[in-house]
Amino acid sequence: MKNSVKKIISMMLVACMVLTFALSASAAFEGFGGSLFRALSYSNIFSAEKSGTDANVKPENIYDRTFDAVGFAKIFSLKNQNGEEEETESGDRPASSIYKRVVVLGVDGGGTFFKDTPTPNIDRIFANGAITYEAITSTPSISAQCWGSLLHGVTPEFHMLTNSVSSPFPMDSLFPSYFRVVRDAFPDAELASFNNWSVINTGIIEDEIGVYKDNASDDAKVTELVLNYLDDHDPTLLFVHFDSCDGAGHSSGYGSEKHLKQVTTVDGYIGQIYDKMAEKKLLDDTLFIVVPDHGGTPGGSHGGDSEAEMKIMVAIAGKTVQKGTIGEMEIRDIASIVTYALNLEQPETWTSRVPSGVFKGVEAGERPVYEFPENIRYKNQGQPTPLKDSGKYITDFFNAEEIIGYITLDGETKVDVGDYDAEQRDKLYYVDGYYGQAASMDDGYVKLRYIPNSDSFSVSLWLNTRGIGGDPAIVSNKNWNDGRTQGFVLSLRTSDIKFNLGNGNARMDAEFPLPSDYQNGWTHVILIVDRENNVVKLSYDFGEPISVEIPDSLKSCSFNGVTNSINFGQDGTGSYEPLPATLDDIIVFDKALTADDIAALKEYYQAER
C-alpha cells in the first residue's frame, strides 16, 4: 500500500515538473517568440499566396502550426569542426552567431575593377573577411534588374524590374525585398536606404514598410546623409547606393583611368561609413557588405553577358565571416546572406542561397527552385522557337503570304517570314522569352519598315511587364507627344492598353483593361485593324476581341505616321519614354485576323495554362 502511494506521489511530482517547464517555455515563447514566430511563419504566408489560398486569413489556432528549418535546409547546411553536418531540432543557432544589423553598400558599375586600382579602405575592412571577384550578376546586366535581384532574392524574370520603373514595388508581390522580410519579423526595427539613383527607393524597395529613404544627386552628398543619420540612429538594415562609378564608366569606358579613379574615390566614402560605425561602437554585431551591380565594357556599355559586364566583386566582413574566398555565388544570394545573418528564414519564393565560404561552418545547399503556380499567366516554355520544316512552325498555321513580318527576337531582329526589313535601334537586351529568347526594350526598340496606308492589318506579340506609370508605346508610327498627330499608337499604361489614332486634327482613343494578373507572367496581345468594317479590336490571351468603332471623322484616315515604318517599343519618333517591358515573337499580318486565326495562333503557341 505504501509503495503504491509512493508511486502515485512520484507521478504527481513529475507531472508538476513537466507543467512548470511547459509554462516557463510558454512564457519564454511569448517574450521572444513574437519576432521568431513572424520570421518562421513568413514562408508559410508566401506558400499560401503561391498556392492560391488567402494569405491574409489566419487559421483559428495559428499557434498550433508547426514550423521547421525546411527553408534553411534548402540554402545552407551547418558543419562542425570535423566537416560533418550537425543535426538540430529546430534550426536554432548560437546567439553569438546572430547579427544585430546588416549594412550593404552598393557600388553601381563597380564590377571587379576594385582589384585594378588602389582601394585602401576595402583592403583594411575586409583583410579578415570573405571576398570574391567571380560572383555573377543577373541577366541582362542592367541596374534595376541587378539591384532588384540583390534586394528580392530572385532573377529578373520573377521580380520584373527595369530601369524604367516609375511606380512603387507592389506590396502583394510573391517576391518581397529583404527589407520587407525584416520588417515582418521586426516591426519596430529601424530600416534605412540612401541612394544616388532614386529609382531604388521609389520603385525597387517597397513603399509601405517604414523604411527611412533619402536620395542625393552625388555620392559625396549620399555619404554625408548616411553619416548624419548614423549619429542618431542604429538601423537593423542599411542600404547605400553609390552611382558615380557607373557614370564614369559610361562616359569614359569601364576600366578607363577616369573610371578607376572614381572607384578609388568611392572607396573613400566606404571608409567614412565604416569608421562612423566604429565610432558609434556598432561594428561588433554588424555584417558589412560591399557589392556592385554589374561591370562594363571599355566602350562604356553594359547589359550584355560578357565577363566584363557579368562578373562582380563581393566583399563581406563580420564576427562569424570566414576569412578567404567565397564560393560560387550570384548577386541574388545577397538576400539570403542578409536574412541568415539576422536569423530569419527566407521566403520560399526566393531562389537565392547562402554561398560556401561566407560564414564559418556554413556550406551552400542546393539552390532553391521556384515555379509559378500552374494558374498564373503564361510562363517561359523553356524551349526554342519551333523550326521551319518541323511541322510546328508559324507557316504551318498561316500562309506565308499573309505575314508581313515575323520577328522571333531570338538574339537578333531579323525578319524570319515576310518581305519587309527590320532593324534594331539603340540597345536591346536578350533574355528568356515565351519561346526561345525575347528582347527587353529598356534602352532600344525594333523598327519594321512597313507602311499601313489604308489597309487592314493585325499585330500579334507577347508582352511581359511589371507595369508602369506613364504611357510608353508598345507599337506606333506617330509622334505620341500629341494624340492628334498623324498615325497610330498602342500604348501600355498602369491598368490598360490604350489605342490612339489621329489625322492631324481629330483623334480617337480606346482603353482596353489589362487582365488583373498581367504582372505575373506573359500576356499575349493581338491588335486588329479592320478597315473594311471600320473597327479596331484588341484580344488578350487568345480571347474574344473587344471591338471599338473608328469614328466617322477618321474612317477615311490613313494609318501612316511620321515615319516609313512601325516601331515596337517606341513611338514613331523613337524618342518617347522607353517601354519597361519585354517583347517576344512579333508577327504583323496583312489582314484583320478572324476568330479562327486567333485559335490557330493559340494552337501554334500551345497556349494552354
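Observations on the structure shown:
- Filtered by the rule that a residue be under 30 Å from T155 (Cα atoms) and open to solvent by less than 30 Å² (accessible area, probe 1.4 Å), region 513-539 gives L514, P515, Y518, G521, W522, T523, H524, V525, I526, S539.
- Taking first residues from region 289-308 that are in contact (Cβ under 8 Å) with a residue 60 or more places away in the chain and partners that are part of a loop (DSSP other than H, G, I, E, B) and surrounded by fewer than 20 Cβ atoms within 10 Å (Cβ to Cβ), the Cβ contacts under 6 Å between residues at least 6 apart in sequence or on separate chains come to A308/T297.
- In region 144-177, the residues that are in a helix (DSSP H, G or I) and open to solvent by less than 10 Å² (accessible area, probe 1.4 Å): A144, Q145, C146, W147, G148, S149, L150, L151, H152, H159
- Taken over region 486-497, the residue count meeting the criterion of being open to solvent by 30 Å² or more (accessible area, probe 1.4 Å) and either among the small types (G, A, S) or under 13 Å from D509 (Cβ atoms) (or both) is 2.
- Taken residue by residue, region 250-263 has no member that is at pLDDT 95 or above, open to solvent by less than 20 Å² (accessible area, probe 1.4 Å) and more than 23 Å from G295 (Cβ to Cβ).
- Selected residue (only one of G304, G296 is under 21 Å from V431 (Cβ atoms) and open to solvent by less than 10 Å² (accessible area, probe 1.4 Å)): G296
- Failed item in (1) open to solvent by 30 Å² or more (accessible area, probe 1.4 Å); (2) in a helix (DSSP H, G or I); (3) out of contact with any strand residue (DSSP E or B) (no Cβ under 9 Å at 6 or more places or on another chain), with Y269 passing the rest: (3)
- Residues located in region 324-341, provided they are among the acidic types (D, E) and either under 12 Å from V291 (Cα atoms) or modelled with pLDDT under 95 (or both): E330, D333
- Residue that is nearest to T265 (Cα to Cα) [pool: residues in region 93-124 that are aliphatic (A, V, I, L, M) and open to solvent by 10 Å² or more (accessible area, probe 1.4 Å)]: I98
- Selected residue (criterion: nearest to the chain's Cα centre (by Cα)) from residues of region 545-573 that are small (G, A, S) and crowded, with 18+ Cβ neighbours inside 10 Å: G569
- Looking only at residues of region 415-451 that are in a strand (DSSP E or B) and aromatic (F, W, Y), we find that the one that is surrounded by the most Cβ atoms within 10 Å (Cβ to Cβ) is Y445.
- For region 201-224, the criterion of being within 17 Å of T117 (Cα to Cα) and surrounded by fewer than 18 Cβ atoms within 10 Å (Cβ to Cβ) is met by none of the residues.
- Qualifying residue in region 390-400 (condition: open to solvent by less than 80 Å² (accessible area, probe 1.4 Å), touching a Pro at 6+ places or on another chain (Cβ under 8 Å) and among the hydroxyl-bearing types (S, T, Y)): yes
The values are calculated or read from the model by the stated rules, or taken from the named source; none is laboratory data. All figures in this text were calculated on a predicted structure; none of them were measured in a lab. Note that each Cβ is placed from the backbone with ideal geometry, even for glycine, and that neighbours are counted across all protein chains shown. The area values use the complete protein model at the heavy-atom level, side chains included, leaving out ligands, DNA and RNA. Shrake-Rupley method; radii C 1.70, N 1.55, O 1.52, S 1.80 Å.
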